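A short worksheet on the structure shown next.
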Amino acid sequence: MAAAAVNARALQIDEAISSVVAEIDGISELKCEQKDALKSFVNGEDVLALLPTGYGKSLIYQLLPRVCKKLAAMKDSSLFRGVENPIVIIVSPLVALMEDQVNEAPKFGVSAAQLGKNDEEIMRGNVELVFGGPENWILNDKWRDLLSSPRYRQNLVGIVVDEVHVTYKWGQSTKEGSPAFRESFSRLGELRSLVREDTPILALTASADTQSRERVISLLNMQGARRITVSPNKENIRLSIVKLPKNNMKCFDWVVKTVRDDGVAAPQMIIYCRSLKTTGDVHQYLLSELGQDAWVDGDPKRRMKNCFIGIYQGNTLPKYKQYAASSLNGDGNCRVVIATTSLSMGLNFPNISYVIMYGPPEDAEGILQQVGRAGRGGSFVNAVLYYHGVQLINVDKAVKGLLKTSPSDCLRKALYGLFEDSPISVEPGHKCCTHCHRTCTCAGEACETPFPSSESFINIVKLPTRYRNVDPEDRILIRENLQDYRTYLLANTTHLYTNAEACTGFSDELIDLVVDNCTHIFDLDYIVTHLPVFYGEHAKEILRIMYEVFGDIEYVEASVLESFEDPDIDYPGYFDGPDNFDNDVSSLYDSDSDQDSLADFVL
């Protein structure tokens, strides 16, 4: 294309975008990266946009249909000629996220629907933004055929994959011999074979490291993708990491005090947990500690609408999820929501003051997603990660490295250095992270700003030192037991490796270290923190051997070690389900009462 024609085309796209933005209330102008992504997408280019949480990624595709209409109406423009009603399909991982975007679309003057909700209008091509999960787009012949139909081949102007980091996390298996959680995510590249050849793809996420970006481009068959990146380092979020002594929920006592003292004026908080069991445990702890103070004015009927503590996870009734989410959007009394990762993607809550991670996410991208829920309104906020040794099972090397960051190094640089080349600290140091706060000299030779409540308890909670005297005969017995256990593992393995360590993950080094450190081994926390153990069952067996040899600890049942659950394939929040699904789920609970009481509310 001649340079003059390229310039004219670019000017027309600029004019169309400016015209659409001017017509929408509440938007004065697009951010530079938003506009660059939209321009490239309109121009038919594949785009990978890595933009921070709260940046406005969705706005890029929400404006696309109107921009296309403007260009089609321009006399001197050849763009989108023959397009009667521009259509954009959006692949989204969560039902809640789809519903949120469908509800938001009218604000921008575009129509939107979710597959299974307004099918007749979708089939006719009358819906501009069509949302669906990957299973519908890839596995359902009805929707595959629709994409190949003349109406859609003529009017489809783009494919959007939202929260694109889940294409490889959920679409590909992470365990040998196990199926992927949602394999359809890894097959989204097939969409290119169903639509018009020049249909562009827009891939959106807030978190993907350099290697992951290449995986996304490959999985989606993106061609010459334009990469648009904004640093995820949000300077209004203070970061902290606190190691706990064992599984100690005293770390939440400051939350209890804040809610008790401030009530409905308490800052909004999200507490992320890695398993359904832990969300229930934390929920019960907060309710138990607060007592009547968990409800507005001590509500004697303990109605849901007056409860300060909410929960959002796979087993939570839809009405309680809705209460928690609407409260975080400013329409409800709930101040603290305990949640799994289902509340960490896409949903926009502008006034979260604290994000608390109880146990590290399995990878650094998960940390970035959860930290990014805080501070979207621009106010100064806190993100804190609490962990104890057992919770390090099933996390990757990058997360373990982050947790071992030297006190002399900046936590912010350690985290964001995984996603960009030259992350910067925040000044003054007390606004940056725990480590920088300790060396902050904003008041001359020192810092007068106290550490936040989320960290101040660590001076109170101490782990007592335990020690036992061990005879040489006991060490021999421990070694023999450990070797017997490895023999058992070898007899039951199906791996075709050449040595015992590769087959079982139970190395000679591990056996030697257990024997050397048996004077200090009293719990799982010590084992996971100090020994090269890679499997929870191995840690439990080591502790069982300590019990058998010394008898000075309580016997550890199999249920003690928390199981970190893979995403639940039966959780309705992931998939597009039938309209009566909520009723089916609700029938499992006692919902006869007209009042939403604690009996319903507590899991």
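FYI, it's all coordinate maths here, none of it is from the lab. Everything numeric here is computed off the predicted structure, so don't read it as measured data. Every residue, glycine among them, receives a Cβ derived from its backbone with ideal geometry; neighbour counts consider all protein chains shown.
Take the Cα of Ala265, step 7 Å toward its Cβ, do the same at Glu480, and the gap between the two points is 6.9 nm. Here the spin labels are modelled as points 7 Å beyond Cα on the Cα-Cβ line, and at Ser456 and Ala10 they lie 5.6 nm apart.
Summary value for the range 3-229: 26 percent relative contact order, contacts being C-alpha pairs under 8 angstrom separated by 6+ residues. Amide H contacts of Val47 (H built 1.01 Å from N, in plane; Pro and chain starts excluded): Ile201, Leu202, Ala203, Arg226 sit under 5 Å, all sequence-distant by 5 or more or on other chains.
Backbone amide hydrogens, once placed in the peptide plane, bring Thr229 within less than 5 Å of Leu50, excluding anything fewer than 5 places away on its chain.
Mean silhouette area of the chain, derived from the convex hull of its C-alpha atoms and averaged over all directions, reads 32.8 nm².
Taking θ as phi - 60° and the Karplus parameters 6.51, -1.76 and 1.60, the scalar couplings of the range 352-362 work out to 6, 8, 9, 10, 10, 9, 9, x, x, x, 6 Hz in sequence order, x denoting glycine and proline. Quick check: the angle from helix 64-73's long axis to the longest principal axis of the chain, C-alpha only, nearest 10 degrees? Compared with the principal axis, the helix lies near 10 degrees.
Per-residue ellipticity at 222 nm, computed for the chain from helices alone with -39500 (n - 2.57) per DSSP H run of at least four residues, works out to -10500 deg cm²/dmol. Here the contact order of the range 237-459, divided by its residue count and restricted to Cα pairs under 8 Å and six or more residues apart, works out to 25 percent. Each 5 Å bin from zero up to the one holding the largest Cα-Cα distance in the range 237-459 carries the following percent of pairs: 1, 7, 14, 19, 20, 16, 11, 6, 3, 1, 0, 0. Compared with the dominant principal axis of the Cα atoms in the chain, helix 318-328 is inclined by about 80°. Karplus-derived 3J(HN,Hα) values for the range 136-152, using 6.51 cos²θ - 1.76 cosθ + 1.60 with θ = phi - 60°, are 5, 5, 9, 9, 8, 4, 4, 7, 4, 5, 4, 4, 8, 6, x, 4, 7 Hz; glycine and proline are entered as x.
DSSP loop trypsin sites (Lys or Arg not before Pro) in the range 131-219 with at most 12 other Cβ atoms within 10 Å of their Cβ, which ones? Numbers along the way, then the final one.
Details: sites: Lys142, Arg144, Arg151, Arg153, Lys169, Lys175, Arg182, Arg187, Arg192, Arg196, Arg213, Arg215; in loops: Lys175, Arg182, Arg196.
Hits after loop and neighbour filter: Lys175.
A convex hull fitted to the Cα coordinates of the range 472-550 yields 83 cubic angstrom per residue.
Close amide H contacts of Tyr272 (hydrogens built in the peptide plane, cut-off under 5 Å, sequence separation of 5 or more or a different chain): Ala339, Ile356, Met357, Tyr358.
Write down the Kirkwood hydrodynamic radius of the range 3-229, to one decimal in angstroms, obtained as one divided by the mean of 1/r over all alpha carbon pairs. Walk me through the numbers before you get to the answer.
Details: mean 1/r = 0.0561 Å⁻¹.
Evaluated over the range 3-229, this radius sits at 17.8 Å.
The number of Lys pairs in the range 3-229 with C-alpha atoms less than 27 Å apart, excluding pairs fewer than 8 positions apart on the same chain, is 26. Across the range 288-294, rounded Karplus estimates of 3J(HN,Hα) from the backbone phi angles (6.51 cos²θ - 1.76 cosθ + 1.60, θ = phi - 60°) give 5, 5, 7, x, 4, 5, 6 Hz, Gly and Pro being marked x.
Between the range 294-323 and the range 119-150, the C-alpha centres lie 37 angstrom from each other.
Sorted by average packing, counted as other Cβ atoms within 10 angstrom per residue and highest first, what order do 514-520, 533-539 take?
Values: 514-520: 15.9, 533-539: 18.6.
Top to bottom by mean Cβ count within 10 Å: 533-539, 514-520.
To the nearest 10 degrees, how steep is helix 536-550 against the longest Cα principal axis of the chain, on a 0 to 90 scale? Value to nearest ten degrees: 10. Highest mean first, the peptides 294-306, 424-436 sorted by other C-beta atoms within 10 Å per residue fall in the order 424-436, 294-306.
Just to verify a number: FRET efficiency for Glu448 and Glu84, C-beta to C-beta distance, R0 = 51 Å, to 0.05? Please list the in-between numbers first.
Values: r = 65 Å, r/R0 = 1.28.
For R0 = 51 Å, the calculated efficiency reads 0.20.
Panel order for Arg466, Arg9, by other beta carbons found within 10 Å of each beta carbon, from fewest to most: Arg466, Arg9.
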